[in-house]
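The values are calculated or read from the model by the stated rules, or taken from the named source; none is laboratory data. Everything quoted here is computed from the prediction, not taken from an experiment. Every residue, glycine among them, receives a Cβ derived from its backbone with ideal geometry; neighbour counts consider all protein chains shown.
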Ligand code: SF4
Ligand code: SF4
């Protein structure tokens, strides 16, 4: 590139006012229609969650975590709960384990349904924006029936869960799953069969596994390259029930470019993720045993924790979500908590991924990685 | 793409559209209509002073310090007055969970907007009563 061309370069701030830029701002340097430099800026959504955690007791802490990403609230609050359970050495009843897992998978479904809508709306494909959002309402109905809240669920608590499944909740869950399962092939047809969508995403934002791992990506962006990297299988949590059912890690392997993924593969991966979640929920629902949903001593035990350190992680919708918690002896609050959201990696991956792409493709690349601002501004 | 496949597509679209036309609308004409909320809905609280023992567990449980307790203000033998600040409350349900004397509950009333910020601090007279039935179908359907 000759220096003259760079003289004409133009800097554009993408966000924070842009409609699809809720709480993030990226500085793009453009030459003509092409991006030559991309500078992601975190900090527009900062809520000092880690500091806030130092002032909340162990039963209140998960509320902060679930507000980090409300789309996957059941999954987001879990690492904190798991860390507290590890330090306090709490036992979780069998029923609570399965209920947690079911709701976490429902949360993953809900998050994917939301993402479909959001991503397709950004691309201008409004049919596939509104259809999944109808199904999302059914998931939300089940959440509301169970916990009394659509997004800020506050469901898991150290030692178990807060609300029991009632018949109505089970009916709602069944309805949401059945409906979604019926419509999934239709969605796939609509989305993957659309020539416009294929043309818009094929070969866009392509990276290799090696690059992806170097950036620290996890979850669907890495599984779309054909790497079966999934915490649910690799490191099954004893307090969850993923090993009680039969499922395979969903991966997408594209014969055109093995070991690499583009935006189209990542869309295909989301379909497979949704199918796997449905499969897991359908297997777990009949296995629900009778019994308590919370360890009766948990409340007293979680009031004051012994000195300790714990690291807990969970496979979130967007990748590995983890939390490191340190407590002092007889502490009522955490001494220090460190959150690792999955999206900080996918957001800063844009720095290497976007240059060379067209400006119009920026939102395709960004959307296909599915970053959520809450996860990088902690 | 032949002529008939285009016709088929159009038929699909029209089928979808017609089905939607005869369905009940998903939205509500909000201030006049309201839906029925589930039983567990975590809306504004109601404080049953008769059962309250002024133990202040709800105050301790609240993560955002939305509750203030006035132990001097007694109506029964050992109760206390509670002030709920709904500019702070995040409707987490921890206070209701903490109360072991059946004195504090959520109600399915979720529309709390007020013109004045101070009106959102519910004093003892407001928090112990419901000004309207939460499950009442208010007004009529407009469509
Ligand atoms: S619902 Fe939560 S935030 Fe609101 S008053 Fe009760 S404990 Fe506090
Ligand atoms: S409402 Fe319940 S928790 Fe709060 S002071 Fe009264 S008895 Fe105690």
### Extreme residue, farthest from ligand 1 (Cβ to nearest atom), among residues of region B:92-107 that are part of a loop (DSSP other than H, G, I, E, B) and buried (at least 19 other Cβ atoms within 10 Å of the Cβ)
B:103
### Summary
Taking region B:30-48 and the residues there that are surrounded by fewer than 15 Cβ atoms within 10 Å (Cβ to Cβ) and within 11 Å of chain A (Cβ to nearest Cβ), the one that is modelled with the lowest pLDDT would be B:35
### Task
Quickly run through region B:60-80 and pick out the residues that are within 12 Å of ligand 1 (Cβ to nearest atom) and either away from every other protein chain (no Cβ under 13 Å) or in contact (Cβ under 8 Å) with a residue 40 or more places away in the chain (or both).
B:67, B:68, B:69
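To keep it simple, each residue is scored yes or no on (1) over 21 Å from residue A:333 (Cα atoms); (2) touching a helix residue (DSSP H, G or I) at 6+ places or on another chain (Cβ under 9 Å); (3) within 14 Å of chain A (Cβ to nearest Cβ).
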site: B:106; (1), (2), (3): yes, yes, yes
site: B:110; (1), (2), (3): yes, no, yes
site: B:125; (1), (2), (3): yes, no, no
site: B:130; (1), (2), (3): yes, no, no
### Message
It is to be established whether one or more residues within region A:183-206 are over 30 Å from residue A:358 (Cα atoms), more than 12 Å from chain B (Cβ to nearest Cβ), touching a residue at least 60 places away in the same chain (Cβ under 8 Å) and surrounded by fewer than 19 Cβ atoms within 10 Å (Cβ to Cβ).
### Response
yes
### Summary
Residues of region B:124-143 being surrounded by fewer than 15 Cβ atoms within 10 Å (Cβ to Cβ) and at pLDDT 85 or above, in sequence order, are B:125, B:129
### Query
Quick check, is residue B:93 at pLDDT 90 or above and more than 14 Å from ligand 2 (Cβ to nearest atom)?
no
### Task
Would you confirm whether any residue within region B:49-58 is part of a strand (DSSP E or B), within 14 Å of chain A (Cβ to nearest Cβ), in contact with a strand residue (DSSP E or B) (Cβ under 7 Å, 6 or more places away or on another chain) and within 26 Å of residue A:67 (Cβ to Cβ)?
no
